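The values are calculated or read from the model by the stated rules, or taken from the named source; none is laboratory data. Predicted model, so just to flag it, every value in this text is computed and none were measured. Heads up: the accessible areas ignore ligands, DNA and RNA and are worked out on the full protein's heavy atoms, side chains in. Shrake-Rupley method; radii C 1.70, N 1.55, O 1.52, S 1.80 Å.
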Amino acid sequence: MSHYDDGTPSVMRKKTVYTELHFYRKSDVLVQLTKAFCQRFMPPYGDRTVDQMVQAARSVKQNIAEGLTDGQTSFEVEIKLLGIAKGSNQELLEDYQDYIKHHNIPEWAKENISRFDKMRRFCLDHSDECDYHPYFSKWNDEEMANLAICLCHMIDKAMTTFLEKRDREFVVEGGIRERMTAARKEMRSTQNQIIAQKDSEIELMKAQLAQQQREIEFLKSQLKGEK
């Protein structure tokens, strides 16, 4: 449990800077890549798949951002929204796989391992949209679709690992109610310790005062005897 500077326990979880996570940054790449792919290779009108693909890509990115932001107060909301992001990522993956099947394009992971390995290394080493953007107007549909499929698999694997970690944290730490209860108990315990310490200090001061009064009385009796 985290604490404020004055020692007060906090029910807030440590903030996750989602913009630093590789799977979030790759999801941003996937949004821009999908928009470019649909503009170049999908029908401009009459195909609902275009909107579905763009919305699925956006859903991955937006639900990661919202889930990890809301996660400061709620494990439950975070896990739910990350689960939605994971589902949207799977939906987008299947759209790209359907595209390459429909257009008789090879899926490199199955049919061209050397090109797949080269692309996979590039994706592992690059997580920011600026690294991919110059190629959006140069790659053909085979290259862009296979790149998107690779990114979808990477995002899914990273999110699966992240969700497993969050699941374990939830079992150990509990949700907001458990943290609120723990914080109140810790606060009461701290207050009781402070009260007990103050009581002990008061008793010590009383004893010291009584000792000083006895010494004063003794000195007074000494003075009377001298007179």
Whole-Hz Karplus couplings 3J(HN,Hα) for region 148-160, θ = phi - 60° and coefficients 6.51, -1.76, 1.60, Gly and Pro as x, run 4, 4, 4, 4, 4, 5, 5, 4, 4, 5, 5, 5, 4
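Among the listed pairs K14/K198; K15/K35; K26/K110; K14/K61, which are separated by more than 25 Å between their Cα atoms? Can you show the working numbers first?
Numbers: K14/K198 33 Å; K15/K35 31 Å; K26/K110 22 Å; K14/K61 21 Å.
Beyond 25 Å: K14/K198; K15/K35.
Would you mind telling me the share, in percent, of accessible area of region 77-149 contributed by carbon and sulfur at probe 1.4 angstrom? Working shown, then result.
On the way: 1930 of 4020 Å².
For region 77-149, the apolar C and S fraction of the accessible surface comes to 48 percent.
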Could you tell me the accessible area of K101 in Å² (1.4 Å probe, neighbours in place), rounded to the nearest ten?
-> 140 Å²
